[in-house]
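A.B. asks: Just passing along the structure, written as structure tokens.
The values are calculated or read from the model by the stated rules, or taken from the named source; none is laboratory data. The structure displayed is predicted, hence computed values, not measured ones. Cβ sites come from the backbone with ideal geometry, for glycine too, and all protein chains shown count toward neighbours. Note: areas computed on protein heavy atoms with side chains; ligands, DNA, RNA excluded. Shrake-Rupley method; radii C 1.70, N 1.55, O 1.52, S 1.80 Å.
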Amino acid sequence: MGRVEVTLTVNGVRHAIDVDTRMSLLDTVRERLALTGSKKGCDQGQCGACTMLVDGRRVVSCLQLAIAADGREVTTIEGIADRDRLHPVQQAFVDLDGYQCGYCTPGQICSAVAVLQEYSDGWPSAVTAADEPAALDEVEIRERMSGNLCRCGAYAGIVAAVGRAAEA
Amino acid sequence: MKEFTYVRPAAVIEAVTLRAGRPGSRYLAGGTNLVDLMKIGVEQPDELIDVTGLGMDRIETTLDAGLRIGAAVSNSDLAVHPAVRQDFAALSQAILSGASGQLRNMATVGGNLLQRTRCAYFADISLPCNKRNPGSGCPALAGEHHNHAILGWSEHCVATHPSDMVVALMAYDATVEAHTPSGPVRIPISDFYRPVADTPHLETTLPEHALITGVTVPPAPPASSRYRKVRERASFAFATGSVAAALTVRAGAVHAVRIALGGAASHPWRASTAEAALLGEPATEDSFAKAAAAELAEARPLPHNQYKVALLRDLIVAVLGDLAVEAGA
């Protein structure tokens, strides 16, 4: 009943994939493209472990139907680095212990990469004062990263890493 | 999840025709609420009609300095739009205080208007719920209801509407635009949500099969506006109580005021009683407290949500106080 073909460009590579309409982008990327860096945590849009960039914007891929992403450009954690050279956000997570068990880390890093872009595009957050572009300080980072939960509680390292990457 | 087919119409009228011809179909936009509900069986459509490619993704400033917002505009794009931030600050603040950065990128204005309640009984298909299964009962009344409504509820349903955005749209007197099989309709937001009564499963006055195409907002009142939200953690949680307000003060007295409440009622709640009580009164904390008390006089809290009466009273007084300071009163 619900088989469809979708075309997704994932980390720069174009794929035509036959999927069930019910498949999320997360399951499609993990199960059909064997890119298992993106993690399934809650599968309800609440934890952020599945965060990817779709057309450059961060989304929770567990609530994104693959068919509804037809034709879009997707970046997963596997596509964040420049070949062997880590992205500044990845390097900062390594240097500042931005994780413990690592399960939430791919989502944290994809989300943080988008946070830096949103910030440089002048997007305010709920804690940004009315008429000034606040510095990306701890309060701003905690608010902007609130869609990514870490059950180990490595938030101190995560906040420090995002702050370091923002300075890079 | 139940199997479904997926279609991507190219025009609004085509989408509406498809919807009308297939009773089990649903419109799909960002999917942040619908796909979630499909996973847990609360929604079981047999067809999804994707409405994200219909040109409803623009924000326009109207000639009179109001706004026309396409239904498929993402929450993020609306919140960060320069005209919204400058002239409709409470709208930008309300959206930014909701959900997470990821969800705001996906979620749309039309979907936000039609968000379903986050009542835990609604989300559990093994339990009764009058909103999901009319006539089956409301376990929240005698059960877990600390996040539920104190205003406007009935013995059939005590759930709240979870939107932040709509609370601000209420204060700005927005109008919902939709397309039906027989043509376009416009519904003032004050008429958009139905009283719960004995039909909690009927949430809005949208005609059958109608597709929301956009929202218009009249020019902002010449006033400071603000949205303030209280929740159980600092970010990424639904409101236990929230206030959107705009205040104009002249010669120390309230010249114009608008107040809307979130997390308080079965739908975003315009505090008309408080507004009427404030007109012409001194713009002082004493007046604000009396007006808040007048609005909340009709509150009917349950055992676990009595705290909301004081919380909403204090929120109204604090937000109006801040706006009065901004207005130099």
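A.B. asks: Using a Gaussian network model of chain B whose springs link C-alpha atoms within less than 10 Å, name the residue from B:Val230, B:Val73, B:Val185 with the highest mean-square fluctuation.
C.D. replies: B:Val185
A.B. asks: Residue by residue, what Karplus-based ³J(HN,Hα) values in Hz, rounded to whole numbers, does the stretch B:298-311 have, using 6.51, -1.76 and 1.60 with θ = phi - 60° and x for Gly and Pro?
C.D. replies: Calculated HN-Hα couplings, in order: 8, 5, 10, x, 9, x, 8, 10, 5, 4, 5, 5, 5, 4 Hz.
A.B. asks: Next question, about the same structure. Could you pull out every residue, at least 5 positions away or on a different chain, whose amide H is within less than 5 Å of the one on B:Ala210? Hs are placed 1.01 Å off N in the peptide plane, and Pro or chain starts have none.
C.D. replies: Excluding prolines and chain starts, which carry no amide H, there are no hits.
A.B. asks: Something else now. Take the residue pairs B:Lys229/B:Lys290; B:Lys39/B:Lys229; A:Lys39/B:Lys39; A:Lys40/B:Lys2 and return only those whose Cα atoms are more than 23 Å apart.
C.D. replies: Pairs exceeding 23 Å: B:Lys39/B:Lys229.
A.B. asks: Taking the Cα of B:Asp198, stepping 7 Å toward and past its beta carbon, and measuring to each backbone N in the stretch B:99-142: which are under 18 Å?
C.D. replies: Correct set: B:129-139.
A.B. asks: Using the Cα centre of the stretch A:88-167 as the reference point, and only Cβ charges (+1 on K/R, -1 on D/E), how large is the resulting charge dipole? Debye, rounded to the nearest 20. Please report the intermediate quantities before stating the final value.
C.D. replies: Details: 4 positive and 11 negative charges, 85 e Å.
Dipole about the Cα centre, nearest 20: 400 debye.
A.B. asks: Using the Karplus equation 6.51 cos²θ - 1.76 cosθ + 1.60 (θ = phi - 60°), what ³J(HN,Hα) coupling, rounded to whole Hz, does each residue of the stretch B:146-154 give in order, writing x for Gly and Pro?
C.D. replies: So the J values, rounded to whole Hz, are 6, 9, 8, 6, 10, 10, x, 8, 10.
A.B. asks: Under a GNM of chain B (C-alpha, springs under 10 Å), which listed residue has the highest mean-square fluctuation: B:Gly137, B:Gly152, B:Gly111?
C.D. replies: Maximum among the listed residues: B:Gly137.
A.B. asks: Next question. Contact order normalised by length for chain B, with contacts defined as Cα pairs under 8 Å and 6 or more residues apart; what percent is it?
C.D. replies: Rounded, it is 17 percent for chain B.
A.B. asks: Set Lys and Arg Cβ to +1 and Asp and Glu Cβ to -1, take the dipole of chain A about its Cα centre, and tell me which of A:Tyr99, A:Val13, A:Ile158 lies farthest positive.
C.D. replies: A:Val13
A.B. asks: Taking the Cα centroid of the stretch B:85-133 and of the stretch A:81-155, what is the distance between the two, rounded to the nearest whole Å?
C.D. replies: Taking the Cα centre of each part, the stretch B:85-133 and the stretch A:81-155 sit 24 Å apart.
A.B. asks: Take the alpha-carbon centre of the stretch B:1-54, take the same for the stretch B:266-307, and report the distance between them in whole Å.
C.D. replies: 39
A.B. asks: Can I ask one more? Taking only protein heavy atoms into account and a 1.4 Å probe, give the accessible area per residue of the protein assembly as shown in Å².
C.D. replies: 41
A.B. asks: Also, I was wondering about something else. Using a 10 Å cut-off on Cβ to Cβ distances, tally the other chain neighbours for every residue of B:92-101 and report the average as a whole number.
C.D. replies: That works out to 6 on average.
A.B. asks: In addition: How large a share of the accessible area of the stretch A:1-80, in percent, is made up of carbon and sulfur atoms when the probe is 1.4 Å and the other protein chains stay in place?
C.D. replies: Summing carbon and sulfur atoms, their accessible area is 41 percent of the total for the stretch A:1-80.
A.B. asks: Once you place label points 7 Å from the Cα toward the Cβ at B:Ala294 and A:Leu86, how far apart are they in nm?
C.D. replies: Each label point lies 7 Å from its Cα, and together they span 6.2 nm.
A.B. asks: Additional query: Kindly list the residues of the stretch B:98-120 that lie in the label zone of B:Tyr307, defined by a backbone N under 18 Å from the point 7 Å along the Cα-to-C-beta vector.
C.D. replies: B:119-120
A.B. asks: Another one. What ratio of Cα Rg to 2.2 N^0.38 Å holds for chain B?
C.D. replies: Dividing the Cα Rg of chain B by 2.2 N^0.38 Å gives 0.99.
A.B. asks: Across peptide B:46-53, how many C-beta atoms of other chains are within 10 Å of each residue C-beta, on average?
C.D. replies: Values: counts 2, 2, 5, 0, 4, 0, 1, 1.
Per-residue shielding by partner chains comes out at 2.
A.B. asks: With the crude spin-label approximation of a point 7 Å out along Cα→Cβ, what separation in nm comes out for B:Glu285 versus A:Val13?
C.D. replies: 6.4
A.B. asks: Ok, one more. Among A:Leu33, A:Leu65, A:Leu136, determine the one that fluctuates most according to a GNM of chain A built with springs between C-alpha atoms less than 10 Å apart.
C.D. replies: It is A:Leu33.
A.B. asks: Given the convex hull over the Cα atoms of the protein assembly as shown, what projected area results after averaging over all orientations, in nm²? Don't skip to the answer; put the middle values down first.
C.D. replies: Numbers: hull surface 93.0 nm².
The number I arrive at for the protein assembly as shown is 23.2 nm².
A.B. asks: In the stretch A:36-77, which residues give up 20 Å² or more of accessible area once the other protein chains are added, compared with their chain alone (1.4 Å probe)?
C.D. replies: In the stretch A:36-77, residues shielded by partner chains: A:Asp43, A:Gln44, A:Gly45, A:Gln46, A:Arg57, A:Arg58, A:Val59, A:Val60, A:Leu63, A:Leu65, A:Ile67, A:Ala68.
A.B. asks: Only four residue types carry charge here, +1 at the Cβ of Lys and Arg and -1 at the Cβ of Asp and Glu. Report the dipole size of the protein assembly as shown about the Cα centre in Debye, rounded to the nearest 20.
C.D. replies: 660
A.B. asks: Further question: Assuming a ≥ b ≥ c are the square roots of the Cα gyration tensor eigenvalues, decide whether the stretch B:171-238 counts as rounded (a/c under 1.5), prolate (otherwise, with a/b larger than b/c) or oblate. Write down the numbers at each step before the final one.
C.D. replies: Details: a/c = 2.28, a/b = 1.34, b/c = 1.70.
Oblate is the answer for the stretch B:171-238, as a/c is 1.5 or above yet b/c matches or exceeds a/b.
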